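Have a look at the structure below before the remarks.
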């Protein structure tokens, strides 16, 4: 498949899958584009129970940073409300709902903060939806090479459902910073195996391989003692 250097697919390729006709950059609200253009760091925080408050505190996140959370946003209660927050939610096509919506109480505290700068990104939509202010709608499949070429078949004959919510966001943000005016550093926190077994519907090996070969900084989590692991289980 031929693709241009900016990551877009040619017209013939774009007709191969649903969603190929969407303009990824135009889908973003101007306010979010401005936040990304002015950001020094963009940090993607996984829904990984092994992430501790100390590890988030060590990042010293502030007003110049964009923090990206996913679906149920389980670490929202540890995040600085002065950051720009982007909440990314994946679509459950069989049951027609977005994971993590409506927001939980910790995410709502960030949204309702007097100085809040919060945006919602909905990925994996399979049908037309009405746009809302500060909400980005991206249909399945997003026409960026790592997402467009995502594996379909897996051993045993069962098909992958498509990219994970985090991988959709990671590839999108990596592509965006290559555009003029976007100079942020891209970090991931908790994009690893400390949380235990991952759901088998995504091609995790493919996603890990892309991350290892990318210009993205993966922040390694600190090993936890046996009593810390026990405390989390009891809690």
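Taken together, the values in this text are just the output of simple stated rules run on the coordinates, not laboratory data. Quick caveat, the model's predicted, so the values are computed rather than measured. Positions of Cβ are backbone-derived with ideal geometry, glycine not excepted, and every protein chain shown enters the neighbour counts.
Determine the principal axes of the Cα atoms in region 51-180, then give the extent along each, sorted from largest to smallest and rounded to whole angstroms.
Between the extreme Cα coordinates on each principal axis of region 51-180 lie 47, 34, 30 Å.
Highest GNM mean-square fluctuation, the chain, Cα pairs closer than 10 Å: which of 60, 52, 192?
Evaluated over the chain, the most mobile residue of the options is 60.
How many percent of DSSP beta bridges within the chain run antiparallel, rounded to 5?
Antiparallel: roughly 10 percent of the beta bridges in the chain.
For the chain, what is the mean residue ellipticity at 222 nm derived from helices alone (per DSSP H run of n ≥ 4: -39500 (n - 2.57); sum divided by total residues; nearest 500 deg cm²/dmol)?
Mean residue ellipticity at 222 nm (helix-derived): -6500 deg cm²/dmol.
Quick one: grab the alpha carbon gyration tensor of region 55-126, order the square roots of its eigenvalues as a ≥ b ≥ c, and give me rounded if a/c is under 1.5, else prolate or oblate depending on whether a/b is larger than b/c.
Because a/c hits 1.5 or more and a/b exceeds b/c, region 55-126 counts as prolate.
Note the per residue figure in Å³ for the convex hull of the C-alpha positions in region 66-105.
Normalising the Cα hull of region 66-105 by residue number yields 61 Å³.
How much length is gained if the chain between residue 96 and residue 16 is pulled fully straight, taking 0.36 nm per residue apart and subtracting their Cα-Cα distance, in nm to one decimal?
Separation in residues times 0.36 nm, less the Cα-Cα distance, equals 26.4 nm.
Mind grabbing the base-10 log of I(q)/I(0) for the chain at q = 0.09, 0.18 Å⁻¹? Debye formula, identical points on the C-alpha positions, no solvent, two decimal places.
Values, matching the q order: -0.38, -1.61.
If packing is taken as the average count of other Cβ atoms within 10 Å, what order do 158-170, 117-129 fall into, highest mean first?
The densest-packed peptide leads the list: 158-170, 117-129.
For residue 40 and residue 111, what is the calculated FRET efficiency with R₀ set at 30 Å and r taken between the beta-carbons, to the nearest 0.05?
About 0.85, to the nearest 0.05.
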